[in-house]
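The values are calculated or read from the model by the stated rules, or taken from the named source; none is laboratory data. What you see is a predicted model; the values in this text were computed from it and never measured. Note: ideal-geometry Cβ built from the backbone for every residue, glycine included; neighbour counts use all protein chains shown.
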Amino acid sequence: MENTPQSPNMTIPRKRPLKVDFAEIAKRFQSLRETSGLTQYGLAKISGTTPSMISDYECGRRIPRFDTIAKICAVTGWSADAMLGIEKEAK
């Protein structure tokens with residue numbers, strides 16, 4: 001592994017490859033929206049995006065950018081972990 005310019009003496013080992021299930025993220029996104037009682041139009045309006053983008057996220061045609069995820073979570077109160085399906089390990 002190469003050292004990065006930001007951390008010249010540090011490498012970050014990966015324990016396992018990162019697997020992303022985009023179809024599952026799309027389902028979770030739609031489920032969170034519906035559970036919140038929001039329409040695609042309503043979510044688009046409060047998050048500053050378009051209804052067609054919300055539809056694309058829910059159909060798995062697109063994945064929201066990190067800044068879009070952060071904004072949607074901020075205005076809806078959703079957890080980014082919940083949206084992305086990240087489960088914390090029990091200690």
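Could you grab me the full set of residues in region 1-51 that are under 18 Å from ASP81 (Cβ atoms), modelled with pLDDT of 70 or more and in a loop (DSSP other than H, G, I, E, B)?
Listed by number, the residues that qualify are LYS19, VAL20, ASP21, SER36.
Inside region 52-67, can you point out the residues that are surrounded by 16 or more Cβ atoms within 10 Å (Cβ to Cβ) and more than 18 Å from GLU24 (Cβ to Cβ)? Reasoning before the result, please.
Step one: of region 52-67, the residues surrounded by 16 or more Cβ atoms within 10 Å (Cβ to Cβ) are 53-54, 56-58, 60, 62-64.
Scanning region 52-67 gives a single hit, MET53.
Cβ-Cβ below 9 Å, separation at least six or inter-chain, first residue in region 73-86 and surrounded by 11 or more Cβ atoms within 10 Å (Cβ to Cβ), second in a helix (DSSP H, G or I) and polar (S, T, N, Q): which pairs?
ALA74/SER47; VAL75/SER47; THR76/SER47
Mind listing whichever residues of region 27-45 are β-branched (Val, Ile, Thr) and closer than 12 Å to TRP78 by Cβ?
The answer is THR35, and nothing else.
Give region 54-72 a look and list any residue that's assigned to a helix (DSSP H, G or I) and touching a residue at least 12 places away in the same chain (Cβ under 8 Å), or say none.
Narrowing region 54-72 to residues assigned to a helix (DSSP H, G or I): 54-59, 66-72.
Passing the criteria: ILE54, SER55, TYR57, GLU58, CYS59, THR68, ILE69, LYS71, ILE72.
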